[in-house]
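As structure tokens, the structure follows; a few thoughts come after it.
The values are calculated or read from the model by the stated rules, or taken from the named source; none is laboratory data. Note that the structure is predicted; figures quoted are calculated from it, not measured. In this analysis, Cβ positions are derived from the backbone assuming ideal geometry, glycine residues included, and neighbour counts consider all displayed protein chains.
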């Protein structure tokens with residue numbers, strides 16, 4: 001059989017053809033990488049939140065957290081079952097002023113100085129706090145430390161849940177440390193704190209009073225021990241503290257865009273003063289952290305005594 005001759009018009013020399021193909025592939029790869037950079041690369045947390053000075057990620061702690069002082073804010077029995085290596089244990093009873101007729105109040109400056117001295121912490125140390133409850137308990141200690149003037153204080157985003165999710169090992173033994181003589185180097189920051197009389201006598205019509213408890217506590221269907229009676233402060237708006245985190249998943253904070261949308265729905269957009277409260281100033285400290293640190297809103301205060309104090313001092317007729 002006679003085979004037809006293949007005809008190629010203007011054939012390129014072999015070396016030139018190969019170079020052209022290689023250059024074409026390189027150009028395609030460059031364009032693809034640029035496209036991915038513009039459209040698929042996730043935003044860094046630094047550009048998403050107003051600030052990340054008070055937020056630490058697990059990988060950041062692992063890679064550059066040498067020398068940081070780690071505080072595990074869980075019950076002692078939970079701490080003993082497993083904690084991040086190097087952490088020291090603190091629980092709510094360690095950061096409560098027991099001199100009041102009711103519970104939950106912030107400890108004195110002297111008490112905190114003694115505690116930090118016992119834990120081997122100095123004013124120059126960077127403190128990272130975590131728990132296993134989406135940083136709710138940890139936020140209370142963060143707020144107390146910031147109030148008294150320890151500026152280098154962070155929350156571990158996602159807490160112990162994030163540590164476990166990455167397959168990191170847990171320690172059982174206590175970490176040895178030497179005690180120090182700790183003294184706060186600045187005056188307490190009153191801009192972070194709201195007291196009972198100020199809440200009761202406030203005449204600011206623009207003030208937003210936010211009850212960060214669950215709906216059942218807010219409505220009075222349920223109340224935790226320590227309060228004199230159920231209910232909420234008159235005029236308060238309810239928004240559960242946990243709307244700020246992926247509570248049933250990663251336990252990490254939501255994106256800035258999601259946070260802004262959830263708070264804007266009840267009128268919080270950074271233009272009005274806000275006072276947060278809950279049962280004993282714990283969950284409300286978490287909300288204050290989100291509003292001030294992650295969203296950059298100002299004029300946000302935490303009512304320390306919260307519902308426990310209010311119910312004991314104010315009387316049922318003003319619910």
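Filtering the stretch 274-304 to residues that are assigned to a loop (DSSP other than H, G, I, E, B) and either touching a strand residue (DSSP E or B) at 6+ places or on another chain (Cβ under 9 Å) or farther than 17 Å from residue 107 by Cβ (or both) leaves 278, 279, 281, 295, 296, 297, 298, 299, 304.
The set of residues from the stretch 163-195 being assigned to a helix (DSSP H, G or I), surrounded by 15 or more Cβ atoms within 10 Å (Cβ to Cβ) and out of contact with any strand residue (DSSP E or B) (no Cβ under 8 Å at 6 or more places or on another chain) comprises just one member, 164. Might you check whether a residue that is in a loop (DSSP other than H, G, I, E, B), without any contact (Cβ under 8 Å) to a residue 60 or more places away in the chain and either touching a strand residue (DSSP E or B) at 6+ places or on another chain (Cβ under 9 Å) or buried (at least 22 other Cβ atoms within 10 Å of the Cβ) (or both) occurs anywhere in the stretch 141-162? Yes, the stretch 141-162 contains a residue that is in a loop (DSSP other than H, G, I, E, B), without any contact (Cβ under 8 Å) to a residue 60 or more places away in the chain and either touching a strand residue (DSSP E or B) at 6+ places or on another chain (Cβ under 9 Å) or buried (at least 22 other Cβ atoms within 10 Å of the Cβ) (or both).
Within this structure, residue 132 fails the test of being part of a helix (DSSP H, G or I) and either at pLDDT 95 or above or out of contact with any strand residue (DSSP E or B) (no Cβ under 7 Å at 6 or more places or on another chain) (or both). With the condition kept exactly as written, say whether any residue in the stretch 230-242 is assigned to a strand (DSSP E or B) and surrounded by 13 or more Cβ atoms within 10 Å (Cβ to Cβ). So far as the stretch 230-242 goes, yes, one or more of its residues are assigned to a strand (DSSP E or B) and surrounded by 13 or more Cβ atoms within 10 Å (Cβ to Cβ).
Every condition in (1) crowded, with 18+ Cβ neighbours inside 10 Å; (2) more than 26 Å from residue 133 (Cα to Cα); (3) modelled with pLDDT of 95 or more is met by residue 199 except one, and the failing one is (3). Taking residue 117 as the residue in question, decide whether it is assigned by TED's automatic domain parsing to the domain that holds residue 299 and surrounded by fewer than 16 Cβ atoms within 10 Å (Cβ to Cβ). In short, no.
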